[in-house]
1. Conditions: (1) within 26 Å of the chain's Cα centre (by Cα); (2) in contact (Cβ under 8 Å) with a residue 24 or more places away in the chain. Leu102 meets all but one. Number of the miss?
2. So is Thr66 part of a helix (DSSP H, G or I), farther than 25 Å from Arg121 by Cβ and among the β-branched types (Val, Ile, Thr) or not?
3. For the stretch 83-98, state whether one or more residues are surrounded by 14 or more Cβ atoms within 10 Å (Cβ to Cβ), over 17 Å from Ser24 (Cβ atoms) and among the small types (Gly, Ala, Ser).
4. Restricting the search to the stretch 15-68, which residues are free of Cβ contacts under 8 Å to residues at least 60 places away in the same chain and closer than 17 Å to Glu114 by Cβ?
5. If we keep just the residues of the stretch 52-80 that are farther than 15 Å from Pro6 by Cβ and over 18 Å from the mean Cα position of the chain (by Cα), which is surrounded by the most Cβ atoms within 10 Å (Cβ to Cβ)?
6. Being in a helix (DSSP H, G or I) and over 26 Å from Phe109 (Cα atoms) is the filter here, so list the residues in the stretch 32-45 that pass it.
7. Looking at (1) modelled with pLDDT of 95 or more; (2) under 27 Å from Lys32 (Cβ atoms), which is the one condition that is false for Arg65?
8. All but one of (1) touching a helix residue (DSSP H, G or I) at 6+ places or on another chain (Cβ under 6 Å); (2) in a helix (DSSP H, G or I) hold for Glu29, so report the exception by its number.
Amino acid sequence: MPTTSPGHLATSLRKVLQRQLVLSQQLLELAKEQNAALVKNDIALLQQLNERQQTCLSEQEALERTRVEIACKLGKAFGLKGVPPLQQLLPHLTKSDQEALLALRGELFRVHDEITAVHERNRLLLRNGLNYIVFSLRLLTAAALQPARYGTNLNEVVTPSFYIDSKA
């Protein structure tokens, strides 16, 4: 039964967290590229980046299920119930496993905080772009709805009609 020993499970947990860290770093780089693409208004690149992000997130979800499964097995091995957080598992692990897992945990938190900051910048860029579009549409429609003030009989001015192209 060496595959379910606490030492082997701790090693498996470390490998899963290492892979999650690599994926998180990839997601951070993709978010930064997304930021540059938003500034450049490069829609094609944004679509490519979105597809790559979805691939990373799918793998991240699978790794998370594996991490939870390993944590449950470790918890059972140590007499803990449910899915114990890392802080509850650490006292039962060897010193080297504790240090490695704590380092990975800290790095994951750092990368997560960076991703959050980049996503906030991206969100602001998108919101500003949307506000600009709404402003432009209001300006254009207001100008189009105003009747001409010269060269026409103001008694016969009618409200302009807009036709929507079904291909648009």
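1. (2) is the only condition that Leu102 fails.
2. On the way: part of a helix (DSSP H, G or I): yes; farther than 25 Å from Arg121 by Cβ: yes; among the β-branched types (Val, Ile, Thr): yes.
Judged against the criteria, Thr66 is a match.
3. No, every residue in the stretch 83-98 fails to be surrounded by 14 or more Cβ atoms within 10 Å (Cβ to Cβ), over 17 Å from Ser24 (Cβ atoms) and among the small types (Gly, Ala, Ser).
4. Listed by number, the residues that qualify are Val22, Leu23, Gln26, Glu29, Leu30, Glu33, Ala36, Leu49, Gln53, Cys56, Leu57, Gln60.
5. Step one: list which residues in the stretch 52-80 are farther than 15 Å from Pro6 by Cβ, which gives 52-68.
Next, from what is left, pick out any that are over 18 Å from the mean Cα position of the chain (by Cα): 65-68.
Details: Arg65: 10, Thr66: 16, Arg67: 18, Val68: 12.
Result: Arg67.
6. Filtering the stretch 32-45 down to residues in a helix (DSSP H, G or I) leaves 32-40, 43-45.
Within the stretch 32-45, Val39, Lys40, Ile43, Ala44, Leu45 meet the criteria.
7. For Arg65, the exception is condition (2).
8. Checking Glu29 against (1) touching a helix residue (DSSP H, G or I) at 6+ places or on another chain (Cβ under 6 Å); (2) in a helix (DSSP H, G or I), the one that fails is (1).
The values are calculated or read from the model by the stated rules, or taken from the named source; none is laboratory data. Predicted, not measured: the structure shown is a model, and the values here were computed from it. Glycine also receives a Cβ, built like all others from the backbone with ideal geometry; neighbour counts cover every protein chain displayed. Accessible surface areas use protein heavy atoms only, side chains included; no ligands, DNA or RNA. Shrake-Rupley method; radii C 1.70, N 1.55, O 1.52, S 1.80 Å.
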